[in-house]
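Just so you know, all these numbers are worked out from the coordinates, no wet-lab data involved. In this text, all values refer to a predicted model and were calculated from it rather than measured experimentally. Cβ: placed from backbone, ideal geometry, glycine included. Neighbour counts: every protein chain shown.
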Amino acid sequence: MRHRVFRAVVAGVFVVFAQFAFNQEAQNGGQEGAQQQVTYRNMTPEQRAAATRAFLGLGAEPDKAAAARGAPLFEQTCAFCHGPQGRGATGSSLLTSDVVLGDDHGEHLVPFLKKGLPEKGMPAFATMSDGELKDISEFVHLQVEEVANRGTYRVLNILVGSSTLGQNYVAAHCMSCHTTKTFAHIGSRFRSPEQLQRGWIWPVSSGDRSLANTASVKMPDGGEISGLVTQVSDFRITVVDGAGKANLIDRRPGVEVRMKDPLAAHQEMIMTLTNADMHNVTAYLDTLK
C-alpha cells in the first residue's frame, strides 16, 4: 500500500489532502473544546512534516544519524548502480521499490541485502555487519522521505531584493487600492518572510469578509439582490443579502449578474509580476515591523 501512496505523493496531490486533513483536525477543537484555527501554511517545517507523514501513512521517520553513517557506505557499495541518491543509474530507482517502501528500520532490507538478488545482477552483502546494512537502509529511507514528504522542505532566505526598489513598486502599483495603513507593521504580521511574500501576492479571502466576492443580481422583474457570494457557476449563484438570507438564483435569460472580486487586481498583478519585483517588494514589506 505504501508504494501506492508514494506514487500519489510524487504526482503532487498530497499537499491539498494533508492541509485539508490537518485543518479539519485543528478546527475540531483543542483542550476543553476550545476552537483553534491552525492551517498547514502557518505550521513550522517540523509540524508540516509530522502532519504530512501522519496523513499519508509514510511509515516510521528515518533515523537521520544512522542515515549519515550509511551515506558513505551507500556511496561505496550501491551508488554505482542505483545512483548517489538511490534514484537510479544503470540499476533501478530504490525510491519506488516495494522492498524499500515495505521496510521501516531495516527489518526487511537487512536480510534482503545480505542475500542479494544474484539472478538479477545484485550482489549479496553477506560480509557487511547488520549495523552497517541498517545504516544503509536508513540512508535509503531518508532519500524517500526527502522526495515524498514535502512537509520537510525548507525555504531558503528570500530577502534578497532591494527594499528601495520594492518601496517604489508599492508606490506605483499598490496605492491606488491601498493606503499606508494597509502596510503598517505588515512585516510583523507573518511568521516568516516566505509567508509574508505569499500573503501580499495572493491574499487569503477565507475569514475576511472585506476580501470576499460580492455580487449584484438584477432580476427580470427589475428587482435586485446584492450581497456576499457563497456559490457561483455558469448555471446559478447564491447570494447572501444584508438580512442574512441565502438567495439561490438560476442564471436564466434576463438575469444580469455583476460580480465584484476585491482580489481581481492581485490576479492581474501576477500576470506582470517579475521575480525581481517579487523579491524587492518582499524585502521592503519585511522592514515594516
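Taking the range 184-201, which residues are among the hydrophobic types (A, V, I, L, M, F, W, C) and either closer than 20 Å to Leu156 by Cβ or in a helix (DSSP H, G or I) (or both)?
As a first pass, look at the range 184-201 and keep what is among the hydrophobic types (A, V, I, L, M, F, W, C): 184, 186, 190, 196, 200-201.
Within the range 184-201, Ile186, Phe190, Leu196, Trp200, Ile201 qualify.
Is the range 107-129 home to any residue that is closer than 24 Å to Glu46 by Cβ and of a type outside the set (S, T, N, Q)?
Taking the range 107-129 and keeping what is closer than 24 Å to Glu46 by Cβ, we get none.
Checked the range 107-129: no residue is closer than 24 Å to Glu46 by Cβ and of a type outside the set (S, T, N, Q).
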Report task. Being aliphatic (A, V, I, L, M) and either within 13 Å of Tyr169 (Cβ to Cβ) or loosely packed, with under 15 Cβ neighbours inside 10 Å (or both) is the filter here, so list the residues in the range 258-288 that pass it. Result -> Met259, Ala264, Ala265, Met269, Ile270, Met271, Leu273, Ala276, Met278, Val281, Ala283, Leu285
Report summary line: Every listed condition ((1) surrounded by 11 or more Cβ atoms within 10 Å (Cβ to Cβ); (2) farther than 27 Å from Thr39 by Cβ) holds for Pro253 save (1)
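Among the residues of the range 218-254, write down those that are among the aromatic types (Phe, Trp, Tyr) and in contact with a helix residue (DSSP H, G or I) (Cβ under 9 Å, 6 or more places away or on another chain). Give the steps one after another, and end with the answer.
As a first pass, look at the range 218-254 and keep what is among the aromatic types (Phe, Trp, Tyr): 235.
Matches in the range 218-254: none.
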Query - Residue count for the range 45-71, restricted to those that are outside any helix (DSSP H, G or I) and among the β-branched types (Val, Ile, Thr) - result: 0
**Report entry** Of all residues in the range 112-155 being without any contact (Cβ under 8 Å) to a residue 24 or more places away in the chain and touching an Asp or Glu at 6+ places or on another chain (Cβ under 9 Å), the one that is farthest from Gln76 (Cα to Cα)
**Finding:** Phe112
**Report entry** Failed item in (1) surrounded by 12 or more Cβ atoms within 10 Å (Cβ to Cβ); (2) more than 30 Å from Ala276 (Cβ to Cβ); (3) out of contact with any Gly (no Cβ under 6 Å at 6 or more places or on another chain), with Val239 passing the rest
**Finding:** (3)
Query raised in the report: Any idea how many residues of the range 72-130 are under 20 Å from Leu58 (Cα atoms) and assigned to a loop (DSSP other than H, G, I, E, B)?
Result: 15
Requested in this report: Check the range 102-113 and report whether any residue there is touching a Phe, Trp or Tyr at 6+ places or on another chain (Cβ under 7 Å) and over 21 Å from Ser129 (Cβ atoms).
Outcome: no
